[in-house]
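The values are calculated or read from the model by the stated rules, or taken from the named source; none is laboratory data. Everything numeric here is computed off the predicted structure, so don't read it as measured data. Note: ideal-geometry Cβ built from the backbone for every residue, glycine included; neighbour counts use all protein chains shown. With ligands, DNA and RNA removed, areas are computed over all heavy atoms of the protein, side chains included. Shrake-Rupley method; radii C 1.70, N 1.55, O 1.52, S 1.80 Å.
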Amino acid sequence: MRKGTLIEFGGLPGTGKSTLARHLADRTDAIWLRIDEIEGAMRRNGLTAEQTGITAYSVAHDIAGGHLRRGLTVIADAVNPVPEARDGWHHLADASDARHVVIETACPDTEEHRRRVLSRVSDLPGWTYPDWEQVEQSAGDYQPRTDVRLVVDTTRPIEDCHREIAAYLAR
């Protein structure tokens, strides 16, 4: 049986995670798991924002694990702001005997990042993206990563970002 691959996308809201993850999933037929989508479904079914955070990651891990054990590629699209969230993906990959690749998105141009956050329209039923003040607050809570990963500067043309990710995954 072939070995699965877990591609973990992380980064602050509005830095391009979902845009890049969607493109990669479309190009590769990978399974794309969005924490926002899972949380949105939970909230539509009566759970509060306080109840969905950790629970959404747990649900995503369970779904991803089954696909990884079948040898499929799973793209995990989540902020992953703290080591505990990141460790969960690492442990899942180990337990599933899957390759684990980490991609972190960054938008170092503050005005561009703000513009993106303010202009986003939700593509998920019942989901509201964080506003700029909430993103700024989450930036203060976002702990720097120290693991092996590709950091993608999403202020560059999107085609350059796609090529950089493809090259990194081919290694």
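Sort through 56, 64 and tell me the only one that's of a type outside the set (Ser, Thr, Tyr), within 15 Å of residue 7 (Cβ to Cβ) and touching a residue at least 12 places away in the same chain (Cβ under 8 Å).
Just one listed residue meets the conditions, 64.
Can you find even one residue in segment 66-83 that is exposed (fewer than 15 other Cβ atoms within 10 Å of the Cβ) and more than 26 Å from residue 26 (Cα to Cα)?
Yes: segment 66-83 contains one or more residues that are exposed (fewer than 15 other Cβ atoms within 10 Å of the Cβ) and more than 26 Å from residue 26 (Cα to Cα).
Out of segment 1-59, which residues are open to solvent by 30 Å² or more (accessible area, probe 1.4 Å), modelled with pLDDT of 90 or more and acidic (Asp, Glu)?
Answer for segment 1-59, where residues must be open to solvent by 30 Å² or more (accessible area, probe 1.4 Å), modelled with pLDDT of 90 or more and acidic (Asp, Glu): 26, 29, 36, 37.
Residue pairs, Cβ under 9 Å, 6 or more apart or interchain, first in segment 118-145 and farther than 17 Å from residue 36 by Cα, second assigned to a loop (DSSP other than H, G, I, E, B) and open to solvent by 80 Å² or more (accessible area, probe 1.4 Å). List them.
none
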